[in-house]
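Chemist: Below you will find the structure I want to go over with you.
The values are calculated or read from the model by the stated rules, or taken from the named source; none is laboratory data. Treat the numbers as computed from the prediction; the structure is a model and nothing was measured. All Cβ positions, glycine included, derive from the backbone under ideal geometry; neighbour counts span all protein chains shown. Heavy atoms of the whole protein, side chains included, go into the accessibility calculation; ligands, DNA and RNA do not. Shrake-Rupley method; radii C 1.70, N 1.55, O 1.52, S 1.80 Å.
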Amino acid sequence: MPTITVDDNGTELAYLDSGVPSAFPDSYVTIFAIHGIVFGFHIYDELLGLAQESSDIRLVAISRRGYPGSTPFGPDEIANLTTGDDHLKESFLRARGSEVATFIDKFIDEFHLPPVSADGHSGGIALMGWSLGCSVALSVVSHMDTYPQRVQTRLGAYLRALILHETTQVALGLPPAPKSWTPQYDTSIAPDQALRIGVQWLTSYFRHGDLSTRSLEVLEYVVPATFRPPSIFTMSDAEVSQIVSYDLVGPDATWYMASRTQLRKSYERACFDPSVRARVPYMKAWIVVGDDTLAFAIGAAWAVEADNNRIGSGSAVKIKWINGTNHFTQWDDPSLALQTFKEVVV
């Protein structure tokens, strides 16, 4: 498994790469994708294969710290966040952004990725977070002014899109909706069972009410629909074993629950701060979300939409809805996912 060293301490991030598109070797866009909680970077396997076969998109899926192939955290690195001060929490989040920024800078340099074309229709890169991974993608952008000048210059010239795919409220530092529910919230379920039930529940489809109302009251928070099986039911045992890391739920939950203030600040800086956006002049920001997905993803999209109208002049972030999809479009509907990502990138 290939890796790239991202700091002076020897920290490595593993990755999967669809490679140079054979039909567009000089004019493709590279999407760097950051996975979410529990589900590692192999959740992009279906999409990687499709991009490799027929597309002008190169997809690079990065394994977050602690996940297979990448350097684990130290024994106290995450635990200390629960009692640490705001400076420690901010440093932790900034480091996650710096690692990915360095990874991208080195990848561009090593593989000679094509820059943004003169007409803007090809070349350059997109940064995509999925679910909890959106918090890391946002940190990459929000901390642009802390990177070495070489990295700032390269990312500023190459970054054409920030895609928040199925972002969650907690990834943005926002409180969950009042009616939010997950199996982990239900104390009548044993923790080990709640975790496994939760993974199935996360991959389900949901029937909501009239989404045009933008009312949290029309969302289905608990009961999955039956018109399509949960995504994990379409995975073989071998695929589940490769993709799902049950043991990493705790560490992920610890750091994002302890860092809500820092996550909110990072989200607002990346999306709405003029000084940050000036450093990435080509970057468009998008929310991509399905209408049959989990309530928290729809609630997050509405919250960003409200913030966009309040502090972003209505144009800083755009929303792309994908009809008939859940939280796992990249697995269940890779062709639709690839086409959608291409539309928002270009």
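Chemist: Probe radius 1.4 Å, ligands and nucleic acids left out: which of D105, D17, D85 has the largest accessible area, and how do the rest follow?
Modeler: Most to least solvent-accessible, the answer reads D85, D17, D105.
Chemist: Here are some pairs, K284/K318; K284/K342; K89/K179; which of them have Cα atoms lying more than 18 Å apart in this structure?
Modeler: Listed pairs above 18 Å: K89/K179.
Chemist: Could you give each residue of the stretch 322-334 its phi-based ³J(HN,Hα) in whole Hz, using Karplus coefficients 6.51, -1.76, 1.60 with θ = phi - 60°, and x for Gly or Pro?
Modeler: Rounded to whole hertz, the list is 10, 5, x, 10, 10, 6, 10, 4, 5, 9, 6, 9, x.
Chemist: Tell me the carbon and sulfur percent of the accessible area for the chain, rounded to whole percent, probe radius 1.4 Å.
Modeler: 52
Chemist: Enter the accessible area of K265 (Å², nearest 10), with the probe set to 1.4 Å and all protein chains included.
Modeler: Estimated to the nearest 10 Å², K265 gives 120 Å².
Chemist: Still on this model: When the distances between all Cα atoms of the stretch 201-329 are binned every 5 Å from zero, what whole-number percent does each bin get?
Modeler: 2, 9, 15, 16, 17, 18, 13, 7, 2, 0
Chemist: While we're looking at this one, here's another question. First obtain the Kirkwood hydrodynamic radius of the stretch 124-218 from its Cα pairs, then insert it into the Stokes-Einstein equation at 25 °C and 0.890 mPa s, and state the resulting D in µm² per second as a whole number.
Modeler: 150
Chemist: How much of H87 can a 1.4 Å solvent probe reach, expressed as accessible area in Å² and rounded to 10?
Modeler: Probe radius 1.4 Å; accessible area of H87 about 130 Å².
Chemist: Let me ask something additional. With every protein chain kept in the model, how would you rank M1, M257 by accessible area, 1.4 Å probe, largest at the top?
Modeler: Order by accessible area, largest first: M1, M257.
Chemist: Can you give the accessible area per residue of the stretch 1-139, in Å², using a 1.4 Å probe?
Modeler: 37
Chemist: Another question, then. Take the alpha-carbon positions of the stretch 83-139, form their convex hull, and give its projected area averaged over all directions (one quarter of the hull surface) in nm².
Modeler: 5.3
Chemist: Next question. Quick check for me: using +1 on Lys/Arg Cβ and -1 on Asp/Glu Cβ, what's the dipole size of the stretch 1-105 about its Cα centre, in debye to the nearest 20?
Modeler: 160
Chemist: Output the antiparallel fraction of DSSP beta bridges having both residues in the chain, as a percent to the nearest 5.
Modeler: Of those bridges, close to 20 percent are antiparallel.
Chemist: Can you work out the Karplus-derived ³J(HN,Hα) for every residue in the stretch 68-77? Use 6.51 cos²θ - 1.76 cosθ + 1.60 with θ = phi - 60°, whole Hz, and x for glycine or proline.
Modeler: Result, ordered by residue: x, x, 9, 5, x, 6, x, x, 10, 4 Hz.
Chemist: For the chain, what does -39500 (n - 2.57) per DSSP helix run (n ≥ 4), summed and divided by total residues, give at 222 nm, in deg cm²/dmol to the nearest 500?
Modeler: It comes out at -12000 deg cm²/dmol, rounded to the nearest 500.
Chemist: Of S315, S139, which has the most accessible area and how do the rest follow, probe 1.4 Å?
Modeler: Result, largest first: S315, S139.
Chemist: Excluding ligands and nucleic acids, what accessible area in Å² is computed for F73 using a 1.4 Å probe, to the nearest 10?
Modeler: 40
Chemist: Then there's this: Between F272, G250, S54, whose Cα lies farthest towards the positive end of the dipole of the chain when Lys and Arg beta carbons carry +1 and Asp and Glu beta carbons carry -1, centred on the Cα centre?
Modeler: Result: F272.
Chemist: While we're on this one: Please quote Rg/Rh for the chain to two decimal places, taking the Kirkwood radius as Rh and restricting both calculations to Cα atoms.
Modeler: Result: Rg/Rh = 0.93.
Chemist: Any idea what the dipole of the chain comes to, in debye rounded to 20, about its Cα centre with Lys/Arg Cβ at +1 and Asp/Glu Cβ at -1?
Modeler: Dipole magnitude for the chain comes out near 900 debye.
Chemist: Is there a quick way to get the dipole size of the stretch 226-346? I mean about its Cα centre, with the Cβ of Lys and Arg at +1 and of Asp and Glu at -1; what is the value in debye to the nearest 20?
Modeler: Approximately 740 debye in magnitude.
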